[in-house]
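Here the structure is laid out as C-alpha cells; the discussion comes afterwards.
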2 protein chains.
Amino acid sequence: MESPKIVIVGGVAGGMSCAARARRLDEAAEIVVLERGEHVSFANCGLPYYVGGEITDPGALLVQTPTSLRAALNLDVRTRHDVTGLDADRKVVTVRTPDGEVELAYDALVLAPGARAVVPPIPGIDSPRVRTLRTVDDALALRDGVEGGARDAVVLGAGFIGLEAAEALAHQGLNVTIVELAPHVLPPLESELATLVTAELAALGIDVRAGVAATAIEPEGGRDAVVLADGSRVPADLIVLSVGVRPDTAVFEAAGVRTERGAILIDDHGRTSLPSVWAVGDATASVDAVTGAVRPVALAGPANRAGRLVADAILRPDSARPLPSPLGTAIVRAGSLTAALTGANRAGLDAAGIDYVTLHLHPNQHAGYFPGAAQMHLVVHISPTDGRLLGAQAVGTDGVDKRIDVLATAMRAHLFVTDLIDLDLSYSPPYGQAKDAVNLVGMVGENVLNQTLRLWYADDLDAVRAEALLLDVRGPAEVATGALPGALAIPHTLLRERLDEVRAAAAGRPVRVLCASGVRSAIAHRILVQAGFDSASLSGGMLTLRAHLGERAADVIVVAA
Amino acid sequence: MESPKIVIVGGVAGGMSCAARARRLDEAAEIVVLERGEHVSFANCGLPYYVGGEITDPGALLVQTPTSLRAALNLDVRTRHDVTGLDADRKVVTVRTPDGEVELAYDALVLAPGARAVVPPIPGIDSPRVRTLRTVDDALALRDGVEGGARDAVVLGAGFIGLEAAEALAHQGLNVTIVELAPHVLPPLESELATLVTAELAALGIDVRAGVAATAIEPEGGRDAVVLADGSRVPADLIVLSVGVRPDTAVFEAAGVRTERGAILIDDHGRTSLPSVWAVGDATASVDAVTGAVRPVALAGPANRAGRLVADAILRPDSARPLPSPLGTAIVRAGSLTAALTGANRAGLDAAGIDYVTLHLHPNQHAGYFPGAAQMHLVVHISPTDGRLLGAQAVGTDGVDKRIDVLATAMRAHLFVTDLIDLDLSYSPPYGQAKDAVNLVGMVGENVLNQTLRLWYADDLDAVRAEALLLDVRGPAEVATGALPGALAIPHTLLRERLDEVRAAAAGRPVRVLCASGVRSAIAHRILVQAGFDSASLSGGMLTLRAHLGERAADVIVVAA
C-alpha cells in the first residue's frame, strides 16, 4: 500500500493518539491534524486541578504543542482549523482557518471532534459568569476569577467534572454550591455510595443541592444569582456548567455519517458508514460491554486507546485488533475519598432487563492491625444464575483504585465472581489482607450463588419490619450507638446458646439478621439456618443501611434513651 | 453425611481459615484445632512492624484467641498441643500436651503445620542472640532487645522477611547489616530491579552485603561478631535469621504422607496420599502456574484461601472448587519503595526451559503533570510466540501494588500481553494515565510480537559495542549527565534530517539505539528501520542499563570532561 494522506479532525486524546501511532507505523504517510481550538494534546483531565491550585504552572497543561509534535513525530498540526464540511465522494473536508476557508483532500479521514457541553435552556445561561471546564481557556478564566476575588461559586451538575470543579473552587476558599438535578451527586454511582460522597463534600464546606433544577440565572447585586426550582437563590461570582456533554457531530451528520442520538456509529475497527472515514473518542457510539446499550462514552482512556487501534486499522488492516467494548471504568477524587466504578450500575441493568444480585462489603484496604487501616465500601452486581460480574463500585480513602482496576480486569477477562476467590493478589500488611477485598467479594458471591448465604437489603426494611423478626447480632456497645427499634439484640457470640429466645421472639416469622458490616450476620445466618430458621443477612449491614437511608438515617436508626 | 470430627494441625493462616469455613458450613461438626505454639491466628506478617515500632500494641498481633474463636465459631482450639504422630489406619493423631501425651481421633484430618526456619550449619548459630522472626515470642524478644539498648544488628538473609526485619531495626535506630548469599537482595527479584532496592536500603543506612556467606558467629566483647566469607567481621547485639523456610513435615512423612523434598504432595482438593488426610499452607507442594515446577509456596494469601477450599472439599465434596496453582504474587515495602512480583522470573523460566522475551518500562504511576508523579520500574516476561504473560515485577514509590495486582489478575485469567492494551482501567490525573502503565505494557508487547519494535538488552552491551553503532537519541542536556563512550548522539527530534550522519557512522554496521527509558528510542527505531537500517531499541533505556550495571555503572556510563 502506498503511504496515505491521513487527515485527523481533532487534536486531543483519540485524535492525537491516532496521529502518533500512524506516524510510528508509517514514516512516509502525510498526517494532518486539524484542531478547532488553540491547543492540541492538552491535559483536559488536569484542568480542574489547575483551577484548584494543585497544578501551579499552566504550561504543564500543554502536554504537546504543534512544534513539539512536528519535531518528534513529523505531524502537521494546525490549530484554529475548524472543519465545517465533508464530501466523502470527493474525499475532501472544508476547513475554516484564520486565513479563510480551504478544502483539504484525504485518503483516510479520522473524525475525533469530541463532545460539546450540554447547555440547559434556562434564562440567563448566557451570563458571562457561566463557564464550562473543557478547554485551557476555561481553566485560565476560572483561575482568573478565583484570583480576582470571587467569593461564591455555583457548579451546575455533580458529575465527575462538576465534583472536581467544586472541590477545586472550595480548595481556593470560595463558598461553593453544587446543584444536581438527579437525586444524588455522581448519578452513575449507586445511592448507598453517593451518600458517602455527599457527606465528604459537606465536610469540605460544599453545599450540595441534589434533586433540584436550576431554573434561571439572574443578575443580582453586580453578580449573578442562580435560581433553583425550590425557590432558593444562590449568589454566584462564578458559575461552572457541567451538566453533561453531547457528541459534536452536526457537520458530519450533515455529510451523511450515520449517527445514533448524535453519536457516530462505528464498526469494530472504528469505520463509520462512509468509506475511508473512521471515528474515535467522545463523538462515537460504543456498545456497552455489559448491557449492550449503544451510547457515547466520554472518557479519556478509551479514546486514547481507540486512537491507536484506528491507526492500526488504517495502516495495517489485516492485523488490526478490534476496538474493545467499554466497561466505562471511571474514578474521581472527592476530598479524602476516592469513588470509582466499572461496568453497569442498577439503572443500566434495569434498563437492559438484566437480572442481578448485589453484594455489599466494607473490607479494610490493608491489614486491620497495621496503622492507617480504613474501610472501603464496595457494591458489586453479579448474575444470580452464573455469577457473571456485571458491575462494581467502591468508595473509600485508600485502595479503591486498585480494587476497581482488578475488578475491571476480571470483567474484561470474563471472569465469574467465584474466580475472584483465586486471584493471587499481592499481600503484606501495608498493602492488603491475606484475603484481599476482591477475594472476599468472590467468597461472598460464591456463598450467595450456592445459597450458603441469603441476603436481604436495606431497601426491603419496611417489608422486613412488617413481616419478620429483626435480629441485631452486634455487641452491646455497638447497639448503644444506634439500632432499629424492635430488633432483638443478641451478640453473635451468644447466639448458639440463646436460640430459644430467637425462636420465641420470631413466633414463626422469618428472622432477618443484621450486624455492622454483614460479616457477623452471615455467621449468625449460618447458625440460624442450620437450626431450622428462615433466615437472611442484611447485605452490607448497618453501614450500608445508614448510607442507603442518607438523611433519613437519624429517624430510622435510634439511640435508646 | 453425618457431621464429621475434623482435627486441624496448626492454628495460623491455612489451618484457622479451614476451621472457620468448616464451622460456617456445618454447625454440628466437631472441630478441633491443635497448635504447637502459644498463639493461634496471630498476625505473622505483622511481626516485623511491631519490631520496628509502627505497630505499637503487641495485642494487635493477636487477631484471634482460643476464647474468641470458641465464642464466635464454636471452635475447640488447643494451644501448646504438638502433634507427634499420625496413624492413618486407626485415624488418630498423637499429641504432646502440657499435661502429657494423648491420642485424638478424627474423621477428617487437616495438616497445616507450616514451615520451620532453615538454620544454616555454621559455628555459633546457636548463640542466644540469634532469633528467627516467625512467632509473637520472636517479635517480643527482638523488641526487648531493641529497647534494651542493642546498637548493632545483623540480618542473615535478604528475602522478604529479612528486608522487613532490617528496615524495622534500622527504623529503631540500630546499625543494621544485611547479609545475603545470593548476588543481590530479594533473590526472586530480577537484578535490574534489585539494585534499586539495594540503593534504597543504603539510603536507610542499612549496610548490604550481598554475594557473601556468613561463615561463623563468634563471641566478641560481650556480644557476637558475624564472620563473613570475605574475612570481615560484623558486630551484633541482635542477629535475625531469615535465610528461608522448609516445610515442617517430618512427623507426617514418618506416618506415610507422600512428600517431595519435604513438602506434602496434595491433589487438586488438598488431599494427601493418605485417606481422610488433607493438607494446606506452607507445608504443601504446589504446581507453579507458569513453570509447572512443584514446590512449596510460603505465602499467607494462598494458605488462607486454600484453607477455605479444603473445608469445602471435606464438607461439600461434590461442589468444591479445585485449589488454584499459585502465581507466587508477593510484595514488600523497602523504605519509600515497594517491590512486588507475580509469576515466574528469569531463573524460573530458564530452569523450566520456557522461552521468553523481557519488556522494561518506566511509566509514571499517574499523570505526569499532576503533583507527585513518579516513575515505576516494570519488568515483564512474555512468550515470544504468542505473548502469554509469564511474569511481572515492579519497583517504585507509588502505584506498584495496583499494577502487579492487575497483572496477577490478567495472568490468572490467562490473558495475553496484547489483551492488556484493552484493559479499561480507572483514570483521572491523581490515579493513573489515560494509557495506564499496564496498557503500555500491552502496547510495547504487541509491538515486539508483531516486530514493529525490536529490542536489545543491557546484557548485550559488550557485544553491541563490538559490532554495532550506538545511537543515543536523548537531548544534549541528558547526554551531558552521562553517556556511553563512542555513542553517536542525535536527539530523536533531529533524527529524520540527520540520517546521513547515522549512515556514515554506522558504515554498514547495525544501529543500536538508546534513550532514557526506551520511549524515544522506539520512535527512533521506527524511523531507522523504515530508512533501511538494521536497528534495535534498548529495552528500558539508560534507566535499566544503569540498574543492570549497578556499581559498575560509573565505569561504563561516563560524563564527558
statement: With a 1.4 angstrom probe the carbon and sulfur portion of accessible area for the protein assembly as shown, in percent, totals 51
query: Under the definition of partner shielding as Cβ atoms of other protein chains within 10 Å of a residue Cβ, what is the mean value for peptide A:325-332?
result: 4
- prompt: On average over all directions, what projected area in square nanometres does the range A:183-231 have, based on the convex hull of its Cα atoms?
  reply: 4.2
- line: Rounded to one decimal in nm, the spacing of the 7 Å Cα→Cβ label points at B:VAL287 and A:HIS269 is 4.0
message: Just want to confirm a number: the relative contact order over the range B:336-449, from Cα pairs under 8 angstrom separated by 6+ residues, in percent.
response: 29
- request: For the range B:256-315, report the accessible area per residue in Å² (1.4 Å probe, heavy atoms, rounded to an integer).
  value: 33
task: For an R0 of 60 angstrom, estimate the FRET efficiency from the Cβ-Cβ distance between A:ASP355 and B:ALA202 and round to the nearest 0.05.
output: 0.55
task: Using label points projected 7 Å from each Cα along Cα→Cβ, tell me how many nm separate B:ALA28 and A:ALA373, to one decimal.
output: 3.6
field: Sum of side-chain charges, A:ARG96 neighbourhood, beta-carbon under 13 Å (Lys, Arg +1; Asp, Glu -1)
entry: -2
field: Solvent exposure of the range B:130-243 as accessible area per residue, Å², 1.4 Å probe
entry: 37
field: For the range A:185-211 and the range B:1-57, distance of Cα centres in Å
entry: 41
message: I'd like the antiparallel share, as a percent to the nearest 5, of DSSP beta bridges with both residues in the protein assembly as shown.
response: 60
- prompt: Where the label is 7 Å out from Cα toward Cβ, how close does B:ASP87 come to the same position in every other copy, in nm, shortest first?
  reply: 10.0
task: Considering the options B:ALA117, B:GLY475, B:SER3, tell which one lies farthest towards the positive end of the dipole of chain B, charges being +1 on Lys and Arg and -1 on Asp and Glu at the Cβ, about the Cα centre.
output: B:GLY475
field: the range B:130-243: antiparallel DSSP beta bridges as a percent of all, rounded to 5
entry: 40
- line: Each residue of A:397-408 has, on average, a number of other protein chain C-beta atoms within 10 Å of its C-beta equal to 5
statement: Per its Cα gyration tensor (rounded if a/c is under 1.5, else prolate when a/b beats b/c, else oblate), the protein assembly as shown is best filed as oblate
message: What does the structure give for A:434-444 when I average, per residue, the other chain Cβ atoms found within 10 Å of the residue Cβ?
response: 3
field: Per-residue HN-Hα couplings for the range B:204-221 [Karplus 6.51, -1.76, 1.60; θ = phi - 60°; Hz; x = Gly/Pro]
entry: 7, x, 8, 8, 9, 10, 9, x, 9, 8, 7, 10, 6, 10, 10, x, 7, x
message: If amide hydrogens are placed 1.01 Å from N in the peptide plane, which non-local residues have theirs closer than 5 Å to the one on B:SER286?
response: B:ARG295, B:VAL297
query: Dividing the convex hull volume of the alpha carbon atoms of the range A:162-287 by its residue count, what do you get in Å³ per residue?
result: 157
message: With +1 assigned to the C-beta of every Lys and Arg and -1 to the C-beta of every Asp and Glu, and no other charges, what is the dipole magnitude of the range A:336-449 about the Cα centre in debye, to the nearest 20?
response: 180
query: Looking at chain A, what % of its DSSP beta bridges pair antiparallel, to the nearest 5?
result: 60
Span from the the range A:436-510 Cα centroid across to the the range A:310-388 one, whole angstrom: 28
field: Interface burial for B against A (accessible surface, 1.4 Å probe, total of both chains, Å², rounded to 100)
entry: 7200
- line: Per its Cα gyration tensor (rounded if a/c is under 1.5, else prolate when a/b beats b/c, else oblate), the range B:336-449 is best filed as prolate
Calculated FRET efficiency for the pair A:ARG552/A:ARG465, C-beta based, R₀ 22 Å, to 0.05: 0.95
query: Assigning unit charges at the beta carbon (Lys, Arg +1; Asp, Glu -1) and nothing else, what dipole magnitude in debye, to the nearest 20, does the protein assembly as shown show about its Cα centre?
result: 560
- line: What helix-only [θ] at 222 nm does chain A give? Using -39500 (n - 2.57) per DSSP H run of at least 4, over all residues, to the nearest 500, the answer is -8500 deg cm²/dmol
message: Rounding to the nearest 10 and keeping the result within 0 to 90°, find how far the Cα-based axis of helix B:14-25 lies from the longest principal axis of chain B.
response: 70
- line: Accessible-area loss of at least 50 Å² in the complex relative to the chain alone (1.4 Å probe) applies, within the range B:269-308, to B:ARG305, B:ARG308
- prompt: Assigning unit charges at the beta carbon (Lys, Arg +1; Asp, Glu -1) and nothing else, what dipole magnitude in debye, to the nearest 20, does the range B:268-410 show about its Cα centre?
  reply: 220
- prompt: Given the alpha-carbon gyration tensor of chain A, what are the semi-axes of its equivalent ellipsoid in whole angstrom, ordered largest first, with each equal to the square root of 5 times an eigenvalue?
  reply: 48, 29, 20
message: I need the calculated FRET efficiency for the pair B:ARG496 and A:VAL102, taking r as the beta carbon distance and R₀ as 25 Å, to the nearest 0.05.
response: 0.40
message: With the cut-off at 20 Å, tell me which of the pairs B:LYS402/B:LYS435; A:LYS435/B:LYS435; A:LYS402/B:LYS435 have Cα atoms farther apart than that.
response: A:LYS435/B:LYS435
query: List for the range B:361-380: residues with 20 Å² or greater reduction in accessible area, all protein chains versus chain alone, probe 1.4 Å?
result: B:TYR369, B:PHE370, B:PRO371
- line: Relative contact order as a percentage, chain B, C-alpha pairs under 8 Å and 6+ apart, gives 11
statement: Classified through the alpha carbon gyration tensor (a ≥ b ≥ c as square roots of its eigenvalues; rounded if a/c is under 1.5, else prolate when a/b is larger than b/c, else oblate), the range B:206-344 comes out prolate
statement: Once the in-chain neighbours fewer than 8 apart are removed, the lysines whose Cα is under 27 Å from A:LYS91 read A:LYS5
- request: May I ask you to derive the relative contact order of the range A:130-243, considering only C-alpha pairs under 8 Å and at least 6 residues apart, and to give it as an integer percent?
  value: 34
task: Give the nm distances, rounded to one decimal, from A:ARG465 to the matching residue in every other copy, measuring between label points 7 Å along Cα toward the beta carbon; shortest first.
output: 8.0
- request: Could you do me a favour and compute the accessible area per residue for the range B:455-556, 1.4 Å probe, result in Å²?
  value: 41
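The values are calculated or read from the model by the stated rules, or taken from the named source; none is laboratory data. The model shown is predicted, which means the values in this text are computed figures rather than measured ones. Methodologically, a virtual Cβ is constructed for each residue, glycine included, from the backbone with ideal geometry; neighbour enumeration extends over all protein chains shown. These accessible areas exclude ligands, DNA and RNA; they are computed on the full protein's heavy atoms, side chains included. Shrake-Rupley method; radii C 1.70, N 1.55, O 1.52, S 1.80 Å.
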